[in-house]
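Engineer: After the structure tokens below, expect a handful of questions from me.
A short reminder: the numbers here are calculations on the coordinates, not readings from a lab. Nothing here was measured: the structure is a model prediction, and the numbers come from that model. Backbone-built Cβ (ideal geometry, glycine too); neighbour counts: all protein chains shown.
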Amino acid sequence: MSKGEVAVESKSLPDGTVVVENGRGSARLSRVAPGVLLYVCEGALSAGFYAPMVELAQLEVKGAGKLLMAVDGWELRSVDTEFREAWTVWFKANRQHFQMRLLVRSKLMDMAASLANLFTGVTVIKTYSSVGAWERACALELPGFRRIPKASA
């Protein structure tokens, strides 16, 4: 954990969903079909989020031989450099078997995805700034796919 980073907690729910969170951000990780994971991320993700998130991705690549990661980053404000760099190493090692469809609202998150693609050497992350376009792209692998909006408090 880097200096000033808030500790990350990870817990598994009875349905198999993994929830990773700290005071700055959260990620809900779900296996929605063989070879397809849905990550719903919000807030700010730091380096501590990487290990639990990549563990699920690695298991899916190993078990299914491929992975489409549908990432709902609509509520995601930022990712730290260490988090992005760790994922970039993983993307590069798995680029033959991996694709990401990333829903973003912020230009900062779009730039982070562009940097990851640049350092990976191929476009493994395709970003979408429209919920409908992201849903259609994910539905190509998972017919009927729809975003589940966060319930209002």
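Engineer: Given (1) surrounded by fewer than 15 Cβ atoms within 10 Å (Cβ to Cβ); (2) in contact (Cβ under 8 Å) with a residue 60 or more places away in the chain, where does Q96 come up short, assuming only one miss?
Structural biologist: For Q96, the exception is condition (2).
Engineer: Which one is farthest from L45 (Cα to Cα), of the residues in region 7-24 that are surrounded by fewer than 17 Cβ atoms within 10 Å (Cβ to Cβ) and of a type in the set (D, E)?
Structural biologist: Selected residue: D15.
Engineer: Separate question: Given the criteria within 22 Å of D110 (Cβ to Cβ) and crowded, with 20+ Cβ neighbours inside 10 Å, does V40 qualify? Give the derivation first.
Structural biologist: Values: within 22 Å of D110 (Cβ to Cβ): yes; crowded, with 20+ Cβ neighbours inside 10 Å: yes.
Answer is yes for this residue.
Engineer: Return the total of residues in region 123-153 being in contact with a Phe, Trp or Tyr (Cβ under 9 Å, 6 or more places away or on another chain) and surrounded by fewer than 13 Cβ atoms within 10 Å (Cβ to Cβ).
Structural biologist: 2
Engineer: Of all residues being without any contact (Cβ under 8 Å) to a residue 40 or more places away in the chain and surrounded by 19 or more Cβ atoms within 10 Å (Cβ to Cβ) in region 62-79, which is farthest from L38 (Cα to Cα)? Just the residue, please.
Structural biologist: In this case the residue turns out to be V79.
Engineer: Something else now. If F119 passes every condition in (1) closer than 14 Å to A27 by Cβ; (2) assigned to a helix (DSSP H, G or I) but one, which one does it miss?
Structural biologist: If we test F119 against (1) closer than 14 Å to A27 by Cβ; (2) assigned to a helix (DSSP H, G or I), just (1) comes out false.
Engineer: Of everything in region 122-153, what is over 22 Å from K66 (Cα atoms) and not in a loop (DSSP other than H, G, I, E, B)? Give them in sequence order.
Structural biologist: V131, G132, A133
Engineer: Let me ask you something else. From the list R105, R101, which residue is within 16 Å of T127 (Cα to Cα) and within 12 Å of the chain's Cα centre (by Cα)?
Structural biologist: Working: R105 fails: within 12 Å of the chain's Cα centre (by Cα).
Matching residue, one of R105, R101: R101.
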